[in-house]
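Read the structure below first, then the notes.
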Amino acid sequence: MTRTQLYLITPPKINIDDFARDLSAALDGGPVASVQLRLKDATDTDIITAAQVLMPICHARDVAFIINDRPDIARDVKADGVHVGQDDMPYAEARTIVGPDSIVGVTCKDSRHLSMTAAEQGADYVAFGAFYDTDTKDGTSPADIAILTWWAELFEVPSVAIGGITVDNAAPLIEAGADFIAVCGGVWNHAKGPQEAVKEFTALL
């Protein structure tokens, strides 16, 4: 069984200079597989500017940089990939935009059907969740942890567990077989700061 890896998601709103420092600190706290830029209500210019500042911080540490929802911007800034939700655009359209060599991850919520479809089409990972209450995403349906075990036993495509994950509640998801745990507030809002949060996740993983 492969070791679960950490997948960080940015807060929905950031001050770019402050967040660049927080991101650097977090990535220096331990191994991180990827960072997803997920800005809410941001202009294209805001997203592009954030990517231009944050992507080099990630790449300097061999961390993949993924942009949420916007394959066009991911392609234009040469990000490593894009993450698309069920309400954003179909996998095939995202793949056409970013090309064959980019990562394309797909939100599958708590749906076995959606996850199998995404994997068959060629998704690089499927994301399940939300597993716990989350402030960063509205209208999420709770996911059953058993879906992670089902997926791990049957499929090669990696799974990402998402939604309200903290150091205190991550263990069951890791034990269930998640390949990645996607964390937002559990790192950026950690009482001792993002670097200590990543250190604690690293110890857990």
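Scanning segment 5-19 for residues that are more than 12 Å from TRP188 (Cα to Cα) and either acidic (Asp, Glu) or in a helix (DSSP H, G or I) (or both) yields ILE16, ASP17. If you go through segment 60-72, how many residues are closer than 16 Å to PHE19 by Cα and assigned to a helix (DSSP H, G or I)? Of the residues in that region, 0 qualify.
For segment 147-204, a residue qualifies if it is under 26 Å from ALA20 (Cβ atoms), surrounded by fewer than 16 Cβ atoms within 10 Å (Cβ to Cβ) and touching a Gly at 6+ places or on another chain (Cβ under 9 Å), and the qualifying residues are THR202, ALA203. The requirement of being surrounded by fewer than 18 Cβ atoms within 10 Å (Cβ to Cβ), at pLDDT below 95 and part of a loop (DSSP other than H, G, I, E, B) is not satisfied by PRO100. Evaluated against (1) small (Gly, Ala, Ser); (2) part of a strand (DSSP E or B); (3) more than 17 Å from the chain's Cα centre (by Cα), ALA25 falls short on exactly one condition, (2). List, please: which pairs have Cβ atoms under 9 Å, are six or more places apart or on different chains, and start with a residue in segment 48-62 that is over 15 Å from ALA25 (Cα atoms) and touching a residue at least 60 places away in the same chain (Cβ under 8 Å) and end with one that is acidic (Asp, Glu) and not in a helix (DSSP H, G or I)? Close Cβ pairs (under 9 Å, with a partner that is acidic (Asp, Glu) and not in a helix (DSSP H, G or I)) do not exist here.
The rows are residues; the columns are (1) touching a strand residue (DSSP E or B) at 6+ places or on another chain (Cβ under 7 Å); (2) of a type in the set (Val, Ile, Thr); (3) more than 19 Å from ARG38 (Cβ to Cβ).
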| site | (1), (2), (3) |
| --- | --- |
| ASP110 | yes, no, yes |
| ALA118 | yes, no, no |
| GLY122 | no, no, yes |
| PHE131 | yes, no, no |
| THR134 | no, yes, no |
| PHE155 | no, no, yes |
| VAL183 | yes, yes, no |
| GLY186 | no, no, no |
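Counting only residues that are of a type outside the set (A, V, I, L, M) and touching a Pro at 6+ places or on another chain (Cβ under 8 Å), segment 118-131 holds 3 of them. Looking at ALA127, ALA203, just one residue is of a type in the set (A, V, I, L, M, F, W, C) and within 27 Å of SER102 (Cα to Cα), and that residue is ALA127. If the condition is being surrounded by 18 or more Cβ atoms within 10 Å (Cβ to Cβ) and either touching a strand residue (DSSP E or B) at 6+ places or on another chain (Cβ under 8 Å) or at pLDDT below 95 (or both), then segment 40-63 contributes ILE47, ALA50, ALA51, LEU54, MET55, CYS58, VAL63.
The values are calculated or read from the model by the stated rules, or taken from the named source; none is laboratory data. On a predicted model such as this, the values are computed, not experimentally measured, just so you know. Don't worry about glycine lacking a Cβ; one is built from the backbone with ideal geometry, like all the others, and counts go over all protein chains shown.
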